[in-house]
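Only one structure is covered here, and it is reproduced in the block below.
No lab work stands behind these numbers, since they all come straight from the coordinates. Since the structure is predicted, the reported quantities are computational estimates derived from the model, not experimental observations. Every residue, glycine as well, gets a Cβ built from its backbone with ideal geometry; the counts of neighbours run over all protein chains shown.
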Amino acid sequence: MSNANLIQAVRGPVMMITLGILLAIDHFGQFSFGRTWPLLIIVFGILKLAERAAAPEGPGYPGMPEGGKV
Amino acid sequence: MRRASIVGPLILIAVGVLFLARNLFPWLPLFDFLADYWPFILIAWGVLRLAEILFWAVRRRALPVNGISGGEWVLVILLCVIGAGAHAAHHSSWFPNGRMRIGGLEMFGEAFDYPLAQQTVAAPKNARIVIESFRGNARIAGSDGDKVVVSGRKSIRALKQENANTADQASPLQLVVNGDRVILRTNQDRVGDSPSRITEDLEITVPRGASLEAVGRYGDFDITDLGGNVEVVSDNAGVRLQNIGGSVRVDTRRSDIVRVVNVKGAVELKGSGSDLELQDVGGEVTIAAKYSGTVQFRALAQPVRFESDRMEFAAQSVPGQMRMSLSDLNASNVTGPIRLNARSKDVQILGFTQSIDLTVDRGDIELRPAAAVAKMDVHTRSGDIDLALPDQAKVQLAATTDRGEITNDFNPAFEGRSEGRGATLRGSGDGPRVVLTTGRGSITVRKASETVAAVPAVAPKPPAVPRAPSSLKPVEQ
């Protein structure tokens, strides 16, 4: 099990929390969602980046199932 | 096999609890609560899911490929749409009636009218009239007698005459004297599941010295000639007060108009509404409320404080007038010190005295102090500033624009300088400090005598206040 899998699994919940926080700020705080939405893209990008960094080197794609030992 | 998430069952339980609470405690403002706090459902959902996944990762269980499945995202989007709609409906005063009435039975059936027999009780001295939770229009007037007299009619919307009759009998109008209080009960809540079907139009005559506490949920209050204090709490009503001897407190949720004319005591306003008119108030005015329409002040003798989430205004008194909408503020003849803090407003204040402290995010500012000039602090992030000073005024001026020009038609001795795309203008000497800054916009300092329209010495006479209609209209739902 690699960290990349973990980060990929965590991506959905983290995006959802971010969305919730932005909407809460929209309702109670200074900044409207219309101004803060790009943060969603930034968070998504950071998560993708982290996933890529955590993925094993070599050909293949991030999140590719790892082979077992022979 | 991977275990299913814990969040699904939790959401089911939460929805069940919510509906149960709605059925058991119908008076709880659950809708209002959810309209504001629904984003925290998303946060809680995400946090639970995150904790679960981390827990699985620590236990070295198989992880799901996606933390949140496509189906869940569909639910989330649905929640966002409903939540945003509820929030918008909850926070806008133009939304009819504020609450969505689904299953609008009100539209069917017909209205049955029942005259209310006139009721009279002798009022104790300095009586407090209490009107309990009430739906309909009420006209309350002080008179010379010492009796409380109530008359009017009741309108019940029902599918059948029998249903209306039952509802009528279940909701008698009661007038009860309790100590120094005279309580008017409409008992509209006693009727069935949909109390909104009953409305009453009441004419209430009370002794002139009485004070009043009224709680209404729908309909207008029209209150005149009372010597005591008046307190009105209303969910959805126009409130008109005239000739009140005591102080006035009004708390509204979604009123189309609040009009307060000729009050001897203090005025305190809370809540939200559309239009506000205040005129001839002898006491202090404190407003902590949002008005989406036009706010007008005239002849306020004591300090005025107005705060909402978008702006803040304070002045020592407003002998002249002030008119304010979402985008503009026009005032003339205002006694300072004046403090104004607003996000986006074009501001014009003519003929003010004492100091002024003015900050707006966006908006043009036009100022013409009265004969005596005091300290001025004027800031805008984006907008032009136009200051017309009395010809002989002496000031220490510091004007700065980061991007724009400064025109000096006041005193050629002032030192102007261009700096990059901006400019500064300095004038030293004795006299009060005048600081003008704009992030982006031009600044003009000129002589008042050379400006086109001179300041009117006296505020124009306000138009007469319209009389209330002599007969009451039924509430339209």
Would you mind working out the magnitude of the charge dipole of chain B relative to its Cα centre, with +1 at each Lys and Arg C-beta and -1 at each Asp and Glu C-beta, to the nearest 20 Debye?
1200
How big is the antiparallel share of DSSP beta bridges in region B:303-365, given as a percent to the nearest 5?
50
Tally Lys and Arg at +1 and Asp and Glu at -1 over the other residues with C-beta under 11 Å from the C-beta of B:Ala388: what net charge comes out?
-2
Counting Lys and Arg as +1 and Asp and Glu as -1, what is the net charge of the other residues whose Cβ lies under 9 Å from the Cβ of B:Gly219?
-1
Proxy reagent accessibility, fewest Cβ within 10 Å first, across B:Ile223, B:Ile82
B:Ile82, B:Ile223
Please give the FRET efficiency for B:Ile6 paired with B:Asp189, using the beta carbon to beta carbon distance and R0 = 41 Å, rounded to the nearest 0.05.
0.50
Could you tell me how far the Cα centroid of region B:12-52 sits from the Cα centroid of region B:115-132, in Å?
43
Could you size up the charge dipole of the protein assembly as shown around its Cα centre, putting +1 on the beta carbon of Lys and Arg and -1 on that of Asp and Glu, and report it in debye to the nearest 20?
1260
Measure off 7 Å from each Cα along the Cα-to-Cβ vector at B:Arg61 and B:Phe31, then give the distance between these two points in nanometres to one decimal.
4.0
Under a point spin-label approximation (7 Å from Cα along Cα-to-Cβ), what is the A:Gln30-B:Ala51 distance to one decimal in nm?
3.1
Computed over the Cα atoms of region B:330-377, what is the convex hull's projected area averaged over all directions, in nm²?
2.7
Mean separation of Cα contacts under 8 Å (at least 6 apart) over the residue count of region B:268-405, i.e. the relative contact order in percent, is 14
Output the antiparallel fraction of DSSP beta bridges having both residues in chain B, as a percent to the nearest 5.
30
Rounded to the nearest 500 deg cm²/dmol, what is the calculated helix-only ellipticity per residue at 222 nm for chain B, with -39500 (n - 2.57) per DSSP H run of length n ≥ 4?
-5500 deg cm²/dmol
Extension reserve of the B:Thr407-B:Lys394 stretch, reckoned as 0.36 nm per residue once the Cα distance is removed:
2.9 nm
If every alpha-carbon in region B:177-256 counts as one equal scatterer, what log10 I(q)/I(0) does Debye give at q = 0.23 1/Å?
-1.22
With 5 Å bins from zero, work out the P(r) of region B:361-424 over every alpha carbon pair and list the percent per bin.
4, 15, 26, 26, 19, 8, 1, 0
Could you compute how fast the protein assembly as shown diffuses translationally, taking Rh as the Kirkwood radius over C-alpha pairs and applying Stokes-Einstein at 20 °C with viscosity 1.002 mPa s? Give it in µm² per second.
75
Given a cut-off of under 8 Å on Cα pairs at least six residues apart, what relative contact order in percent is computed for chain B?
8
Length gain on complete extension for the stretch B:Glu419 to B:Thr166, per 0.36 nm per residue less the alpha carbon to alpha carbon distance?
83.0 nm
Counting pairs of alpha carbon atoms under 8 Å apart in space and at least six apart in sequence, what relative contact order in percent does region B:137-288 give?
19
Where both partners of a DSSP beta bridge lie in the protein assembly as shown, what percent of those bridges are antiparallel, to the nearest 5?
30
Of A:Lys48, B:Lys125, how do they rank once you tally other Cβ atoms within 10 Å and put the fewest first?
B:Lys125, A:Lys48
Amide H neighbours of B:Val248 under 5 Å, at least 5 residues apart or on other chains, H built in the peptide plane: list them.
B:Val230, B:Ala266, B:Val267, B:Glu268
